[in-house]
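For reference, the structure is listed below as structure tokens.
The values are calculated or read from the model by the stated rules, or taken from the named source; none is laboratory data. Just so it is clear, the structure is predicted and the values come from calculations on it, not from any experiment. Cβ atoms come from the backbone with ideal geometry, glycine included; neighbour counts cover every protein chain shown.
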Amino acid sequence: AQSVTQLGSHVSVSEGALVLLRCNYSSSVPPYLFWYVQYPNQGLQLLLKYTTGATLVKGINGFEAEFKKSETSFHLTKPSAHMSDAAEYFCAVSDRGGADGLTFGKGTHLIIQP
Amino acid sequence: GAVVSQHPSRVICKSGTSVKIECRSLDFQATTMFWYRQFPKQSLMLMATSNEGSKATYEQGVEKDKFLINHASLTLSTLTVTSAHPEDSSFYICSARGQISYNEQFFGPGTRLTVL
């Protein structure tokens, strides 16, 4: 069985500061990993995904994440936070290339301080 | 491209009634659709997976007689909550996967169900 752990249900950063959202996973096979963002009362928008190949993945809105197999991690970063980044962020894993439903972490609420 | 819609976006119903939620892939053919449930301020939990023309596969703990899923075409899946009760109130989100991108699911905007 696969699982996802997101450390920190709430993360608060100042505008312009580095954003770091942590995600660790467990999977019995090479995983496909995803980060999604959710704004209030809306569905999920894909930020980025790792399937195979390059372990540093760049996504939309300046976000990127690095797959580290040895650490079973897929942390999300952004060099400079913007007020519009305030949202809920979910890390998800699939062990069949997206063929199965995704297993989500509990989410991290990102707060941006002016 | 890769747009998924849900209808309705919000629904309020009385306890004991049934509610149908539609999930449509607007610009691609969805060979597989997924239904998730999200409780307030919590994560998404996979309820079931449906493949076009086949019976849905339900996750452990999800009552298939309670949550009826139909995937009759490559662009439409429906979730019917039968005999709804207040504890069924939740945010229901569908996603679709198709040949457009085999390893990515595209999510609908969600449906907020409130059962009085």
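For this structure, a couple of remarks:
- Test for B:Ile69: is it within 13 Å of the chain's Cα centre (by Cα) and in contact (Cβ under 8 Å) with a residue 60 or more places away in the chain: no
- For the range B:44-69, taking the residues that are in a strand (DSSP E or B) and more than 13 Å from chain A (Cβ to nearest Cβ), the one that is surrounded by the most Cβ atoms within 10 Å (Cβ to Cβ) is identified as B:Phe67.
- Every residue from the range B:72-108 that is under 11 Å from the mean Cα position of the chain (by Cα) and either within 12 Å of chain A (Cβ to nearest Cβ) or at pLDDT below 90 (or both): B:Phe91, B:Tyr92, B:Ile93, B:Cys94, B:Ser95, B:Ala96, B:Phe107, B:Gly108
- The conditions of being modelled with pLDDT of 95 or more, touching a Pro at 6+ places or on another chain (Cβ under 7 Å) and more than 14 Å from chain A (Cβ to nearest Cβ) are met by B:Ser15.
- Checking the range A:82-95 against the condition returns a match, with at least one residue being over 26 Å from B:Ala2 (Cβ atoms) and not in a strand (DSSP E or B).
- Qualifying residue in the range A:41-48 (condition: of a type outside the set (Phe, Trp, Tyr), surrounded by fewer than 18 Cβ atoms within 10 Å (Cβ to Cβ), part of a loop (DSSP other than H, G, I, E, B) and at pLDDT below 90): yes
- Across the range A:48-103, the number of residues qualifying as more than 18 Å from B:Phe106 (Cβ to Cβ), without any contact (Cβ under 8 Å) to a residue 40 or more places away in the chain and over 15 Å from the mean Cα position of the chain (by Cα) comes to 6.
- Within the range B:26-43, residues that are surrounded by fewer than 17 Cβ atoms within 10 Å (Cβ to Cβ) have Cβ atoms under 6 Å from residues that are among the polar types (S, T, N, Q) and not in a loop (DSSP other than H, G, I, E, B) in these pairs: B:Leu26/B:Ser5; B:Phe39/B:Ser90, counting only partners at least 6 apart in sequence or on another chain.
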